[in-house]
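The structure under discussion appears below in the form of C-alpha cells.
The values are calculated or read from the model by the stated rules, or taken from the named source; none is laboratory data. As the structure is a prediction and not an experimental result, all values here were calculated from the model. Methodologically, a virtual Cβ is constructed for each residue, glycine included, from the backbone with ideal geometry; neighbour enumeration extends over all protein chains shown.
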Amino acid sequence: MALAPTRLEYRITLSQVDRARDATETVIVARHPSETQEHVTLRLLAWCLLHEDNLAFGPGLSVPDTADLWTHDATGRLTAWIECGTASAEKLRKTMAHHSGAQLHVVMGDEKATRELLADFAAERWPRSCPAPEIWTIDRALVTALAAREERRQKWAVTIVGDHFYIDVDGRTLNGAVTRATAEKSAS
C-alpha cells in the first residue's frame, strides 16, 4: 500500500513591493512521502515569487510529467509552467513543445545547478513558439533555514523587494537574495 502525502498548511502574508502585489492566503501543500522538505520550501518560495491569479500547485511527485506549479487561462490552456529544484533542459524542452506559448520558470536553490542548467539550455534546440526560460536562484542559506522547520503548520510573512526575500517565520526573521537569468536558447 502506498503511503499518503502529508498535508502541510502555510498561512502566508505576501507583499511584493516592486509588483505592487499583496496577498494573504492559507496555502495547503501535499508533501509526497519521497519529497524533501527543501523541495516543498522551493515550491512555496516559487509560489511567493511568481504569485499571480490562478497560480496553483501541480499534482505533485506522484504524477510524473507535471509541473510543481502552473497557471492556466480561462480556457484551460497552460500559460506558465514552474519547475522547482533539479530539472533537465531536455525534459523541459520536450514538455514545453507540447505547450506552445507557455512561459517556463525554473526555481533553484543551488547556484552550481543553475549554471549547469543554463549551459544545457544553450545547447538544447528549443521550440520557437515558447518564450525564453527564466531561471530563478534563491539563496541556499534561506532555503536551508526554512526547510529546517518541519512543522505541519507555519505562518510566514513574506516581503519581496527587488532581488531580496525578507521572511518572518513565527517571530524569526530570515532573508536572502534571489537572482534571475533568462536562458539563451537555440531555435528549432
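Meeting the requirement of 3 or more residues that are among the hydrophobic types (A, V, I, L, M, F, W, C), the strands (runs of 3 or more DSSP E) wholly within the range 1-84 are 6-16, 21-31, 78-84. Note on the range 92-129: among residues that are under 24 Å from Val143 (Cα atoms) and in a loop (DSSP other than H, G, I, E, B), the one that is nearest to the chain's Cα centre (by Cα) is Gly109. Can you name the residue in the range 136-188 that is in a loop (DSSP other than H, G, I, E, B) and of a type in the set (A, V, I, L, M, F, W, C) and, of all such residues, is farthest from Thr41 (Cα to Cα)? Going through the qualifying residues, I end up with Ala183. Here Leu174 passes the criteria (1) touching a helix residue (DSSP H, G or I) at 6+ places or on another chain (Cβ under 6 Å); (2) crowded, with 20+ Cβ neighbours inside 10 Å; (3) modelled with pLDDT of 95 or more; (4) not small (Gly, Ala, Ser) except the one numbered (2).
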